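What follows is calculated from the coordinates using simple rules that are stated; it is not laboratory data. Keep in mind the model is a prediction, meaning the values are calculated, not measured. In this analysis, Cβ positions are derived from the backbone assuming ideal geometry, glycine residues included, and neighbour counts consider all displayed protein chains.
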Amino acid sequence: MGRLDDVMSLDATGQADLVRKREVTPLELLEAAIARVESVNAILNAVVTPMYDYAREAARAPIPVGPFTGVPFLMKDLVAEVAGVRFTEGTAFLRDYLPKEDSELVRRYKQAGLIIIGKTNLPELGLGQTTEPRLFGPTRNPWDTTRTPGGSSGGSAAAVAARIVPMAHGNDAGGSIRNPASCCGVFGLKPTRARNPLGPLYGDIFTGLVAEHALTLSVRDSAALLDATAGPAAGDPYWAPPPARSFLQEVTTRPGRLRIAVSWRTPLGTEVHPDCVAAVQDAATLCSELGHDVSEASPTFNAELLFQACTTISSSGFAWAIADWGRRTGRTPTSEDFEAYAWGFAERGRQIAAPAYLLALQDLQRAVRDIARFFTDHDIWLTPTLGEPPVLLGTFTSPTEDPIALRRRMRAFDPYTYISNAAGQPAMSVPLHWNRDGLPIGTHFMGRFGDEATLFRLAAQLEEARPWAGRCPPVCASRA
């Protein structure tokens, strides 16, 4: 067991190397990962749908030869579907739903050799900055179990932070990969719009706000996984510019002297906690020491207009999502089927007429052009990932009478990440700082459209300068 503990503490690339060398078998990795779920999940509530028999069958069968052959993996229970396995999106309305086919992203995960061992918790329909669904109950942060792991990929982030698996699926419509990466002290990258496919059911979601990828222990895992999944599927409405070479190659390439703009004033004028300011100032100093040109600057755009546009598009999107599930299941959704915040937010969307939706899209695209121009003079925009350290569970309890007020409170917690979703630009949260309470404070780096390469180069340099993989939270499967 000691040997397997050492193996399971490696990143996914390291585990796959040992499988290739036949120093460990996929079944051994799987059973060790299952033991890790069982050792800490009663505390964290990160995994809500175990898939142990499904995974054992996959591990015993011929596994595709890929970059992660035999490595255990967790799926977030949102957007990407696994055929024959319960798919809920965190809502009681779908508690018994069984998909009939794998999503294209799941097919690519399997082709990369990953063994899916379970599904992770999320807020209902992925809506919100914390992972506290009524259906499954809250996921707890492994650094402090009274606090949120973030959202909406909170279950995946907690599982990676607690060393259950070295990486897990996530998706991101406004920060849902990077927010929990910050809260849980792991690496989280949102790729360029349409870098990963959403088919066969969807061409895009929320007019391109939604992106698929993962939360990982290491930078190289994120890059290698994106290599395995990126690229259009047949019939996609549009796709991201092809990279010049593999993302994994970028991890071993020095970034050169980058022009990094740094700011900690939020676009909407909300307050930033001193710990988050300290984290970004520390990261700016580190970048300067590494030879980059760092200056205080930020893009000029109408932040309130962008917030309103994103709110209109997102609320319309959640109204669509509930209607879509009603059509797919042949059932009529009612307010009793959903939590107050999700239903109230969707109700706002139902009241938006098509011309108002298109005006919001026009406003969003106008703001995005202002943001994009900023990146002609800067390679990176550096900010805090979040406006506060991980908040206490229960902080975002829904006021049923005003879901938009709750959304503004959530945006104060997460004031930067949605901007890159609107712009379609890649962005990452890097775990470079912990506060005096031992809570991780992520730092956010946003790159220009289509340029994950620069982000991966910089992330690898930061990881080398200030490695984080050795920091394990109090609730950690390797100690259980």
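For segment 2-479, the antiparallel share of DSSP beta bridges with both residues in that region comes to about 70%. Ranking GLY203, LEU248, CYS183 by how far each Cα lies toward the positive end of the dipole of segment 167-271 (charges on Cβ) leaves LEU248 at the top. Under a model in which nothing but the beta-carbon of Lys, Arg (+1) and Asp, Glu (-1) is charged, segment 226-329 shows a dipole of about 360 debye around its Cα centre. Between THR146 and ALA303, the contour length at 0.36 nm per residue exceeds the Cα-Cα span by 53.3 nm.
Note on ASP282 and ALA234: their simple-model spin labels are 5.1 nm apart, each label 7 Å out from Cα toward Cβ. Estimated from helices alone, the mean residue ellipticity of the chain at 222 nm is -12500 deg cm²/dmol (sum of -39500 (n - 2.57) over DSSP H runs with n ≥ 4, per residue). With the highest mean first, a sort of the peptides 125-135, 33-43 on other beta-carbon atoms found within 10 angstrom per residue produces 125-135, 33-43. Each peptide in 336-342, 53-59 gets a packing score, the mean of other Cβ atoms within 10 Å over its residues, and the list from highest to lowest is 336-342, 53-59. Using the Cβ-Cβ distance between GLN249 and ALA354 with R0 set to 51 Å, the FRET efficiency works out to roughly 0.70.
Segment 61-112 and segment 265-303 have Cα centres lying 37 Å from one another.
Toward the positive end of the charge dipole of the chain, with +1 on the Cβ of Lys and Arg and -1 on the Cβ of Asp and Glu, the farthest Cα among GLY235, LEU306, ALA465 is that of GLY235. Note on the chain: Rg/Rh from C-alpha atoms, Kirkwood Rh, equals 0.94.
Lysine pair count for the chain (Cα-Cα distance under 18 Å; residues 8 or more apart in sequence or on different chains): 7. Distance from the alpha carbon centroid of segment 131-202 to that of segment 341-361 works out to 26 angstrom.
Once you sort the root eigenvalues of the Cα gyration tensor of segment 1-146 as a ≥ b ≥ c, which label holds: rounded (a/c under 1.5), prolate (a/b larger than b/c) or oblate (the other case)?
Cα axes put segment 1-146 in the oblate bin.
When the charge dipole of the chain is built from unit charges on Cβ atoms (+1 for Lys and Arg, -1 for Asp and Glu) and taken about the Cα centre, the candidate among LEU286, ILE352, THR148 whose Cα reaches farthest toward its positive end is LEU286. At full extension, ALA405 and ARG436 could sit 8.1 nm farther apart than now, given 0.36 nm per residue minus the alpha carbon distance.
In this rough spin-label picture, where each label sits 7 Å from Cα along the Cβ direction, the ARG95-ALA372 distance is 4.6 nm. When +1 charges are put on Lys and Arg Cβ atoms and -1 charges on Asp and Glu Cβ atoms, the dipole computed for the chain relative to its Cα centre reaches about 440 debye.
Using the Cβ-Cβ distance between GLU464 and ARG3 with R0 set to 25 Å, the FRET efficiency from 1/(1 + (r/R0)^6) comes to roughly 0.40.
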